[in-house]
1. What order, most packed first, do the peptides 83-94, 157-168 have when packing is the mean number of other Cβ atoms within 10 Å of each residue?
2. Quick check: pseudo-label points 7 Å beyond the Cα along Cα→Cβ at E164 and V21, how many nm apart are they?
3. With every protein chain kept in place and ligands, DNA and RNA left out, what is the accessible area per residue of the stretch 69-152? Probe 1.4 Å, answer in Å².
4. Which whole-number percent of Cα pairs in the stretch 146-208 have a distance greater than 19 Å?
5. Between D143 and D52, what is the label-to-label distance in nm when each label sits 7 Å out along the Cα-to-Cβ direction?
6. Find the relative contact order for the stretch 155-210 and round it to a whole percent, using C-alpha pairs within less than 8 Å whose residues are 6+ positions apart.
7. How big is the shadow of the Cα convex hull of the stretch 98-171, averaged over all directions, in nm²?
8. Counting pairs of alpha carbon atoms under 8 Å apart in space and at least six apart in sequence, what relative contact order in percent does the stretch 31-166 give?
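The values are calculated or read from the model by the stated rules, or taken from the named source; none is laboratory data. What you are looking at is a predicted structure, and each value in this text was computed from that prediction instead of being measured. Glycine also receives a Cβ, built like all others from the backbone with ideal geometry; neighbour counts cover every protein chain displayed. Remember, those area values only see protein heavy atoms, side chains included, never the ligands or the DNA or RNA. Shrake-Rupley method; radii C 1.70, N 1.55, O 1.52, S 1.80 Å.
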Amino acid sequence: MDEALRGGTGTYQKLENGVLVPSPELFLRVAGTLGFSDHHLRIAHLDLFKTDPVLPTGAASPHWHRWAGSHTEMAYVCSPAGDVIAGNDAFAELFPSGAPPANMTEWALLSAEAREDVLQDWERDWAPYLLADLRLAVARHPDDPALQKLSDAVRNDPRTRHIEDAPIGIGDEARQLRHARRGVVTVRVLAAHTKDVITVTLLCETPSLTGAHSTEKQG
């Protein structure tokens with residue numbers, strides 16, 4: 001066992017007896033040697049280090065298309081690097097071409113369409129928070145080549161390299177974007193992360209009926 005762990009003589013016994021507290025790297029080697037499932041590995045890592053372990057991503061479920069299609073709001077699923085896995089028709093209608101980009105992170109941070117047209121006040125309201133999300137994704141998945149490539153591209157881009165990361169990522173604060181069919185609308189971004197995917201819903205705010213009726217009466 002000590003040889004499998006690439007530790008010195010008696011390493012595993014010290015771990016068993018609580019004499020040696022493992023580093024995250026040693027713990028992952030122990031878990032791999034003992035055949036921990038991802039679920040039990042996450043529980044043990046949270047118990048020891050109070051953080052999620054960094055795990056390789058797996059294949060996305062084919063059922064994400066059904067998840068996206070069940071939403072009336074704009075909704076999509078992407079990989080940690082932003083590769084679009086599934087999206088509903090409402091999401092596709094957001095884009096002038098009628099089809100979403102292959103990678104949402106690359107599109108949102110580097111494309112002229114996002115920066116100059118779709119994402120309103122891009123440099124102030126979108127870019128700093130998107131950069132914070134990208135940095136977190138790289139920290140969570142340090143061996144993901146797609147994320148490393150995106151990080152390098154952002155660092156070398158004449159515009160993004162001068163924008164400071166926000167202290168937090170994209171949240172549910174109100175932001176504006178230009179919808180290909182609806183024009184400028186206010187949205188709130190709701191995102192949830194799993195090990196393998198990120199699910200995103202863009203809640204589009206509409207004027208309340210009460211407010212509309214009040215305006216009509218005043219007119």
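1. Ranked from most to least packed, the peptides come out as 83-94, 157-168.
2. Modelled inter-label distance: 3.5 nm.
3. With all protein chains present, the stretch 69-152 gives 46 Å² per residue.
4. The proportion of pairs with Cα distances above 19 Å equals 55 percent.
5. 1.7 nm
6. Computed value for the stretch 155-210: 23 percent relative contact order.
7. 5.1 nm²
8. Once normalised by length, the contact order is 16 percent.
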